[in-house]
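The structure under discussion appears below in the form of structure tokens.
The values are calculated or read from the model by the stated rules, or taken from the named source; none is laboratory data. Please read these numbers as outputs of a predicted model, since none were measured by experiment. Cβ placement follows ideal geometry from the backbone for every residue including glycine, while neighbour counts extend to all protein chains displayed.
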């Protein structure tokens, strides 16, 4: 029945406890066929535990995991038909690249000639067809990771599980691999679950992001949804640089609200469908790149003035640390000729649609 | 003129002389053509080695020792690998106690262990036999295998096994395809340890061996009680070759194996 709905992996009320410690709280998740889903969060948030429960490497305390509509709680890992890529590649050091990639085919009754062809195709897909006879120790980190990917996809898994596969690579390589991984996933159309703590990886690669914190799912949504409309203070703070301010609702009507922010005065915010009551306490999140600084501007009704503190020059943009009264704010603005100098007073403009109202 | 270093150097040389001079005397005298197993040497000869070969008791003792050593090595290594897997890969109640019990035979004086096993089996009404002797040797070689294999297993990342299983290999296939090849150098080293310790052992063997069965060390011991025959020097030399050359060969093989990875 789940097959018909196009769901590859389903978590139903899944809980993982270690003794008195709950690593993953009651979690429900549907992963659609062929989609790329990312579990994103800081270390210790339960994302890897969740992945390992899907893989069958960690037992489930409560709830059910379904793969292709079939309950797999008690199905051992070697019968789940999954491809897993580990952070440290985990290529078998005593087997050649060919034997590594062919390993899974041995257990799938694939004829020898057919297996050789599939290994060759997989190596071509990861652009390392000439490496078949090498030993893993003769490959660079990036090459090892490609071979690990080839080994995982050659068995045509129902689900591809990636456990921080890029974090052991250096920055340049990581960006290349990111694009390539996404391309390969798209070509194969294999349902993929990706675990990372790196928000830029998550935003760039995912169809859907699951933001996790302390064993709870904070938000599930497309990259745009979680970035632009964070559902909680944690999500707003974890993705990008946000200013999160305490505010009191002074007036609310028709999707717009007037908020009193201590030290800043009144700002206008879109409520995003949230019902607000006058006098209620809320938090408002504004992305650093949505604070528009104007060095020559007049302080008008929709803006306030701030003093520029430290300037973090980053080439195309600069990150400004601002002081308004005793409040610290961050702004990221494109640079026009020169960044705004330290010590200058600027006018800060905020648009109502960039203010995300969160529960206090 | 005498710096601290030259004292240390001199001390080191003296220690080595102290350790190896008696051994080299045995080896040297085994080639002596004289009737008497002592200096001065009269000429070079292999006659005592030939005499060894002709001495049926010694040949039988040698066969017994080889058989005992080989069986001890195989059984100890098998048990040791299984025990190490349990200790390193799983958690279960009483793990620390079992781990201590496994290593304990190294710490308990061998005489005590020997008497204890004898008394225990006596109380059970089991007579002395070759299997009992073998069991004794397994008990006190097992800790060496466990220590060596455990150390290696700790350094083999769990992910290799997890990767193999995710690709469809069951637990037994994973062990033979992945785990065993990766710990093979330690398994070989452990087996060689077990063999040489068993081959050398005299204390436990004296207590456990059934009547009429002699190993090389107990045979030498018996021969020494009658007279110091030059044959003993030759036998000593053969033992040195077996117990030194074999581990060296094994170490070389293990190094080659791990380099291939």
- [ ] With the condition kept exactly as written, say whether any residue in segment A:114-133 is under 25 Å from residue A:7 (Cα atoms) and in contact (Cβ under 8 Å) with a residue 60 or more places away in the chain.
- [x] no
Open item on the list: Suppose the filter is within 14 Å of chain A (Cβ to nearest Cβ), modelled with pLDDT under 85 and exposed (fewer than 15 other Cβ atoms within 10 Å of the Cβ); does residue B:259 pass it?
Closed with: yes
- [ ] Kindly indicate which of B:86, B:97, B:70, B:114 is exposed (fewer than 13 other Cβ atoms within 10 Å of the Cβ) and in a helix (DSSP H, G or I).
- [x] B:97
Open item on the list: I'd like the full set of residues that are over 21 Å from residue A:87 (Cβ atoms) and surrounded by 20 or more Cβ atoms within 10 Å (Cβ to Cβ), limited to segment A:196-239.
Closed with: A:217, A:218, A:219, A:226, A:230, A:234, A:235, A:236, A:239
Task: Odd one out for residue A:109 among (1) within 23 Å of residue B:157 (Cβ to Cβ); (2) at pLDDT below 90; (3) more than 10 Å from chain B (Cβ to nearest Cβ) - done: (1)
TODO: Give the number of residues within segment A:68-90 that are away from chain B (no Cβ under 13 Å) and within 24 Å of residue A:181 (Cα to Cα).
DONE: 1
Open item on the list: Being within 14 Å of another protein chain (Cβ to nearest Cβ), under 20 Å from residue A:190 (Cα atoms) and touching a strand residue (DSSP E or B) at 6+ places or on another chain (Cβ under 7 Å): is that true of residue A:31 here?
Closed with: no
- [ ] Examine segment B:147-158 for a residue that is within 11 Å of chain A (Cβ to nearest Cβ) and touching a helix residue (DSSP H, G or I) at 6+ places or on another chain (Cβ under 7 Å), and state whether such a residue exists.
- [x] yes
Open item on the list: residue A:169 - would you say it is at pLDDT below 85 and outside the structural domain of residue A:291 (by TED's automatic domain parsing)?
Closed with: yes
Task: Any chance residue A:55 is at pLDDT 90 or above, within 14 Å of chain B (Cβ to nearest Cβ) and in contact with a strand residue (DSSP E or B) (Cβ under 6 Å, 6 or more places away or on another chain) - done: yes
- [ ] For residue A:313, indicate whether it is touching a strand residue (DSSP E or B) at 6+ places or on another chain (Cβ under 9 Å) and loosely packed, with under 14 Cβ neighbours inside 10 Å.
- [x] yes
Task: Selection from segment A:119-136 of residues that are surrounded by fewer than 21 Cβ atoms within 10 Å (Cβ to Cβ) and either closer than 16 Å to residue A:187 by Cα or not assigned by TED's automatic domain parsing to the domain that holds residue A:153 (or both) - done: A:121, A:124, A:125, A:127
Open item on the list: Looking at segment A:84-99, can you tell me whether even one residue there is in the same structural domain as residue A:6 (by TED's automatic domain parsing), in contact with a strand residue (DSSP E or B) (Cβ under 7 Å, 6 or more places away or on another chain), surrounded by 15 or more Cβ atoms within 10 Å (Cβ to Cβ) and closer than 16 Å to residue B:174 by Cα?
Closed with: yes
Task: Only one of B:224, B:235 that is assigned to a helix (DSSP H, G or I) and surrounded by fewer than 21 Cβ atoms within 10 Å (Cβ to Cβ) - done: B:224
TODO: Take segment A:155-172 and flag every residue that is under 16 Å from residue A:143 (Cβ atoms) and surrounded by 16 or more Cβ atoms within 10 Å (Cβ to Cβ).
DONE: A:165, A:166, A:168, A:169
TODO: Please determine, by comparing only the residues of segment B:120-134 that are without any contact (Cβ under 8 Å) to a residue 60 or more places away in the chain and surrounded by 11 or more Cβ atoms within 10 Å (Cβ to Cβ), which one is nearest to residue B:192 (Cα to Cα).
DONE: B:131
Task: Total residues in segment A:139-157, condition part of a loop (DSSP other than H, G, I, E, B) and away from chain B (no Cβ under 12 Å) - done: 2
- [ ] Considering only segment B:162-212, give the helices (runs of 4 or more DSSP H) lying wholly within it that have at least 2 residues that are out of contact with any strand residue (DSSP E or B) (no Cβ under 6 Å at 6 or more places or on another chain) and within 11 Å of another protein chain (Cβ to nearest Cβ).
- [x] B:171-174, B:180-200
